[in-house]
Amino acid sequence: MHFSNHYYGHADLLARFCGEPIVERAPRIHGVIQHGWNIGDGIGQTKTVDGMQIFVWSEELRRRAWSMGRRNLAVIGAPWAYLLAMEPESADAPERAGTIWYPFHGWEKQKVMGDHGELIKTIRRVEGDEPVTVCLYWQEFQTKPVRDLYERAGFRVVCHGWRGQHWARREPEFLYKQLAELRKHKRVASNRLSTAIFYGASVGCEIAVYGDPMVLEGDDPASGGQERLRRQWGDLHGERVDPALSAAAAVRELGIDRMLTPPELRELFGWSAWHDR
């Protein structure tokens, strides 16, 4: 199976939804699943081969991917949507408090460049005396000088775990941890419109996108970058965003209205024959 299908525990989560047995890891998916929200074709730098099926989250992503030359596309909804279907919020959940803040991060091949000290000042100005949890990507979390900055500012600092890479450092519980954290908070915020913002909006968090957006080392400007983000999704930026707009955007961008049934997913993933044995 393409190693990116294991990112954030996606394959295991979808196998659970479909009632598929997991022996060490989920059964092989015949194709590649979009693993995060982006303004391009949903796949980005993920390497595919000709003819490979591509599973995107939403109709918006399908149209963008088609316009960029991708073919063999199927809309299935984000794995996050299936998690929400399996893990509804408890009726007696404790009252939410504070903001969970996701600083823009790099990844294994690209570092993010920016001033975390100045970002902390901005967060303090906007969030005031409300409690703030800062969730760092594993790279920034393991970079002690960066983590120390946020901890010294008085923020609670967490990490949801490893993303996974080349079948190693798999974290099947990643999204479950993220869901638990989001449901503790009234607000979710970041310095870039990102996957976490849409996840937060989908579970009833108020959203905010503000502060220095920082720069990704060697970023490819082909998709339009930060300028396009603000131009196309301008109504989702700011220190306060209309909850009705953010909730609708989450449904649209995560494909929550495009979820499939277990039999439909099994057929697409090539699990039907396996399941019938």
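The values are calculated or read from the model by the stated rules, or taken from the named source; none is laboratory data. These numbers come from a predicted model, not from an experiment. With ideal geometry, Cβ positions are generated from the backbone for all residues, glycine too; neighbour counts draw on all protein chains shown. Protein only, heavy atoms only, side chains kept; ligands, DNA and RNA dropped before computing areas. Shrake-Rupley method; radii C 1.70, N 1.55, O 1.52, S 1.80 Å.
Look through Ala85, Ala91, Ala81 and report the one residue that is open to solvent by 70 Å² or more (accessible area, probe 1.4 Å), among the aliphatic types (A, V, I, L, M) and either assigned to a helix (DSSP H, G or I) or within 26 Å of Glu173 (Cβ to Cβ) (or both).
Ala91
Kindly indicate whether Ala74 is open to solvent by less than 40 Å² (accessible area, probe 1.4 Å) and either in a loop (DSSP other than H, G, I, E, B) or more than 26 Å from Val209 (Cα to Cα) (or both).
Here the answer is yes, as Ala74 does meet what is asked.
Quick check on region 55-63. Is at least one of its residues modelled with pLDDT under 95 and β-branched (Val, Ile, Thr)?
no
Each row is one residue, and each column tells you yes or no for (1) out of contact with any Leu (no Cβ under 8 Å at 6 or more places or on another chain); (2) hydroxyl-bearing (Ser, Thr, Tyr); (3) buried (at least 23 other Cβ atoms within 10 Å of the Cβ); (4) at pLDDT 95 or above.
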site: Arg163; (1), (2), (3), (4): yes, no, no, no
site: Arg183; (1), (2), (3), (4): yes, no, no, yes
site: Gly200; (1), (2), (3), (4): no, no, yes, yes
site: Val203; (1), (2), (3), (4): no, no, no, yes
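Test His30 against the stated conditions and say whether it is outside any strand (DSSP E or B), open to solvent by 50 Å² or more (accessible area, probe 1.4 Å) and in contact with a Phe, Trp or Tyr (Cβ under 7 Å, 6 or more places away or on another chain).
It is true that His30 is outside any strand (DSSP E or B), open to solvent by 50 Å² or more (accessible area, probe 1.4 Å) and in contact with a Phe, Trp or Tyr (Cβ under 7 Å, 6 or more places away or on another chain).
So Trp138 clears everything in (1) at pLDDT 90 or above; (2) over 21 Å from Asp212 (Cβ atoms); (3) surrounded by 15 or more Cβ atoms within 10 Å (Cβ to Cβ) except one condition, right? Which one?
So Trp138 meets the others, but not (1).
Can you list residue pairs whose Cβ atoms sit under 8 Å apart, with the first residue in region 2-13 being within 15 Å of Glu24 (Cα to Cα) and the second being among the acidic types (Asp, Glu) and in a helix (DSSP H, G or I)? Count only pairs 6 or more apart in sequence or on different chains.
Within 8 Å, the pairs are His6/Asp12.
I'd like the residue in region 165-178 that is crowded, with 20+ Cβ neighbours inside 10 Å and modelled with pLDDT of 90 or more and, out of all such residues, is farthest from Ala11 (Cα to Cα).
Gln178
Any residue in region 224-242 that is within 19 Å of Gly204 (Cβ to Cβ) sitting within a Cβ distance under 6 Å of a residue that is open to solvent by less than 40 Å² (accessible area, probe 1.4 Å) and of a type in the set (Val, Ile, Thr)? List the pairs, counting only those 6 or more apart or interchain.
Correct list of pairs: Glu239/Val126; Val241/Ile207.
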